[in-house]
């Protein structure tokens, strides 16, 4: 299997027809260069408005679900690098089947927008079950689920009913969907009373087997009460630079009877190298730090 990398951006934009939000979306695309973008709550009810958005963003491919007035609306955009076909769609989901070539497995991406009203939340979980039954392809689902998995994903505000959260967990269990770990602040949505993690990505073990180095990032807030989330789907580990940690003297070290002797010995150590190198404060600190850490 050849190495594969893909960036997938998902955002509940809370209406994309105003200039500020559209500009924010273009900035997100410019900064993160996703191959696929999924938008929910576009609040675009006219096809002409969606086509105008499509032209503005510059992606060659797109598919839309128009909103019912100022409620809902979905959009999926993908680049020329992605070979994909649209599957089933509804007011709350969009399926995209992705072909990565003869040497790589075909897989499925679903953009998901959970029912916002609490009394309709069970319809979200029924939809997830139905989507799970459609095929056995490796599968990843990303979007705004409008629910949390447990109380740890909530800060402040009224108590969340256990039945609501259990329904979500049961639906994920039915589809054998795993919650992908993320980087960044936990909360993805907020109001004046509470903060919740409503936006996420979940996947089947077979998708995780392909993209074993996938990483989800919660991006900074961007002109909506939902933060954008970015899924980096990768078959190879990210290259990371070695981190050099700054030395910090720990006050409790003074309680160690050997501390004074270590500092005195290492500070007097002869350092080989050029005259400038020999007298650098950095080298003295380095040797003192290494010696001290051996006692911890």
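Any read-out appearing in this document is the output of simple, stated calculations on the displayed coordinates, not a laboratory observation. Just so it is clear, the model here is predicted, and its values are computed rather than measured. Positions of Cβ are generated from backbone atoms using ideal geometry, with glycine treated the same way; all protein chains shown enter the neighbour counts.
Quote the Stokes-Einstein diffusion coefficient, in whole µm² s⁻¹, for segment 1-155, based on the Kirkwood radius over alpha carbon pairs, a temperature of 20 °C and a viscosity of 1.002 mPa s. Roughly 131 µm²/s, to the nearest whole number. With the cut-off at under 15 Å, measuring from each backbone N in segment 194-209 to a point 7 Å along the Cα-to-Cβ line of residue 155 picks out 194-199.
Extension gain for the segment residue 181 to residue 97, taken as residue separation times 0.36 nm less the Cα-Cα distance, is 27.9 nm to one decimal. The spread of Cα positions in segment 141-198, taken along each principal axis and listed from longest to shortest, comes to 34, 27, 16 Å.
Peptides 161-170, 30-39, ordered by how many other C-beta atoms sit within 10 Å of their residues on average, highest first, read 30-39, 161-170. Alpha-carbon geometry of segment 73-151: the Rg and the Dmax are 13.9, 45 Å, given in that order.
Remark: spin-label model distance residue 68-residue 55 equals 3.0 nm, labels positioned 7 Å along the Cα→Cβ axis.
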